[in-house]
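Some notes on the structure that comes next.
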Amino acid sequence: MSILSRLIPEGAATRRAREIASLPEGDLAAWGVSRAELSGLARMPHEQIVRMERMAHVFGADSLRPEQQAEIARACAGCFAHGQCRGALAEEAGPERMGFCPNATTFRQIAEG
């Protein structure tokens, strides 16, 4: 489970904002995000975050460090292949069919260690 999915349960905007506001600056720095950026990423639709985590799993990139999660979330937030992503994940396609994903290279590198 990613940092984002822990912070962003559906319908919890107020709690999410309080949690982000209470995070120590050192944690944010370690994750490679500012408080404002994390707040923006936290507005990603829950369904998109779930797809991001599922896509990581497809590639075998299940152990993501917080700073990797932030990098991946940035790419996912700017992605326009939502339909293609949903379809490929619904078909349980393998990594060879996920080349459209802006995080494909990152996921492969993480999986390879």
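If you wrap segment 3-112's Cα atoms in a convex hull and average its projection over all directions, what's the area in nm²?
Values: hull surface 26.4 nm².
About 6.6 nm², averaged over all directions.
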Exercise for the section: Taking the chain as the reference, fit the longest principal axis to its C-alpha atoms, fit the long axis of helix 66-77 to the helix C-alpha atoms, and give the angle between the two in degrees, 0 to 90, nearest 10. Expected result: 70
Completion exercise
Longest principal axis of the chain (C-alpha) makes with the long axis of helix 46-59 (C-alpha) an angle, in degrees to the nearest 10, of 50
Practice task
Calculate the spin-label point distance for Ala81 paired with Ala36, positioning each point 7 Å from the Cα along the beta-carbon direction, and give it in nanometres.
Solution key: 3.0
Exercise for the section: Please work out how much length the chain gains when fully extended from Arg18 to Arg97, using 0.36 nm per residue of separation minus the C-alpha to C-alpha distance, in nm with one decimal. Expected result: 24.5 nm
Practice task
Show that you can apply the helix-only estimate: for the chain, add -39,500 (n - 2.57) for every DSSP H stretch of four or more residues, divide by all residues, and state [θ] at 222 nm to the nearest 500.
Solution key: -18500 deg cm²/dmol
Exercise for the section: Provide the gained length on full extension for the span Glu67 to Glu25, in nm with one decimal, where the gain is 0.36 nm per separating residue minus the Cα-Cα distance. Expected result: 13.7 nm
Problem - Cα long-axis angle, helix 13-22 against the chain (0 to 90 degrees, to the nearest 10) - result: 70
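Rule-based calculations on the coordinates, nothing more; no lab input. None of the values given here were measured: they were computed from a predicted structure. A quick note on method: Cβ atoms are made from the backbone with ideal geometry, for glycine too, and the neighbour counts reach across all protein chains shown.
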